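Right, one structure below, let's go through it.
Taken together, the values in this text are just the output of simple stated rules run on the coordinates, not laboratory data. As the structure is a prediction and not an experimental result, all values here were calculated from the model. As a convention, Cβ positions derive from the backbone with ideal geometry for all residues, glycine included, and neighbour counts pool all protein chains shown.
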Amino acid sequence: MSSARKPLIPALILAGLAPVAACAQDRQPTIPPPSIVEYRPRSTLVVPEHEVPRARFPVVDLHGHPGNLTSAGTIERVVAAMDELNVQVMVQAMPSSGERLRRQIAAVREAGYEDRFVFFADLNLRNVGPGSGQRIAAQLEEDVRAGAVGIGEIQKGFGLTTRKADGTRLQLDDPELDVVWETAGRLGIPVFIHTGDPAEFFEPLDFENERWLEMALFPNRQFNDRSRFPTFDDLMAERDRLIAKHPDVTWVLAHMGWHTQDLGRLGEIFDRHPNVHAEVGAILYDLGRQPRFARAFFERYSDRILFGKDSFRPEEYPYYWRVFETADEYFDYYRDYHAFWKLYGMDLPDDVLRALYYGNALRIIPNMPTEGFPDRGAS
Ligand SMILES: [Zn+2]
């Protein structure tokens, strides 16, 4: 931390990284300014606050990463947290296949919680070459027979780092995989896919980058090396071609397709493809800084957006409930490196909340448990 105590701005100007007029009215601080890590202004704003420890309606968490659900202890611990939060069903989206899938399904059944978890299947996308598509599709059929009700979460490596057998990057719309998506369409199971990461991760790491801190903290989130990674737009175009090629598949874009900084772009995808849905995990910082536009978007596309949390930290779910359910203003977000701004509540109407929390999930995922939902899933 010692370097953070030195005056930064003159050095940065010398390095050409900061604009010369870095401060208001061309003034420079007369004392050394704090670093981005040090500066933690305490809000003096006093406004009504409504904590929401428990969701207003029962929730399906489409993006569950609760760890491997094979021990009774883990299952009990996860269910206890779900009960507190009003999460009725969790999708195990840490995908598994074959024996690992069957063991988890059996353990949950044995623990008496088969109405609280459903399982999505994994696709082995490593070293794809001629014949891989048929092999992956056959494994998928077997996993669905074993009880899987979806595919995913397909990890972001697909499109970014996953290589084919010939060493080239496996493109999202590689024709070898067509048979896999056709199989998913025929089986009527959703495909939950994470493509890319926030657009800023693909941009130069300069002092105008909104995600500077996160990219500096996690160098493996920098995808701005053009010799190694496609651009954000090229990657999304690849994904959009995949979607267009398979209109019979129910696609669910994890993290709202990383289009939350430009919801209109996601709206265009929704308008063009009635089979596309989106999930809200880990992008709350973007919804919470545009509560009015985001609310209008959620109202317009209420049949397309599903709740999902991603990392399983029970104490973080209430931030989602608060943004979705209240009109609170200027409150803290749980992860400072995602966003240096505060959140505002979207104050969603009950019918939109129901669709987001469970209605859409019960509609697009086959064989969902309906026990515990107020209208047993009719939406
Ligand atoms: Zn995930």
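Side notes on the structure shown:
- Relative contact order (%) - region 230-330, alpha-carbon pairs under 8 angstrom, separation at least six: 24 percent
- Formal net charge of residues neighbouring Pro349 (Cβ-Cβ distance under 12 Å; K, R +1; D, E -1): -2
- Ranking of Val276, Val91 by count of other Cβ atoms within 10 Å, fewest first: Val276, Val91
- Sorted by Cβ neighbour density within 10 Å, fewest at the top, the residues Tyr301, Tyr330: Tyr330, Tyr301
- Among beta bridges that DSSP assigns inside the chain, antiparallel share in %, nearest 5: 10 percent
- Each of Ile154, Ile36 was scored by other Cβ atoms within 10 Å of its Cβ. Listed from fewest to most, they are Ile36, Ile154.
- Trypsin sites (Lys or Arg not before Pro) restricted to DSSP loop in region 206-283 with at most 13 other C-beta within 10 Å: Arg226, Arg228
- In order through region 82-97: 3J(HN,Hα) via Karplus (6.51 cos²θ - 1.76 cosθ + 1.60), integer Hz, x for Gly, Pro: 4, 4, 4, 8, 6, 8, 7, 9, 10, 7, 6, 9, 7, x, 9, 8
- Mean separation of Cα contacts under 8 Å (6+ apart) over length of region 44-364, as relative contact order %: 19 percent
- Nearest 10 degrees, 0 to 90: helix 132-146 Cα axis against the chain principal axis: 70 degrees
- For the chain, leaving out every one of the GluC sites (Glu not before Pro) that falls in a DSSP loop and has at most 12 other Cβ atoms within 10 Å, the longest unbroken run is 209-370.
- If you wrap the tightest convex hull around every Cα atom of region 233-323 and split its volume per residue, you get 98 Å³.
- Compactness of the chain is given as radius of gyration and Dmax, 22.2, 69 Å, from Cα positions.
- FRET E, pair Ala24, Ala237, Förster distance 41 Å, beta-carbon r, rounded to 0.05: 0.50
- A dipole drawn for the chain from +1 and -1 charges on Cβ atoms has a positive end, and of Leu362, Pro95, Gly147 the residue lying farthest that way is Pro95.
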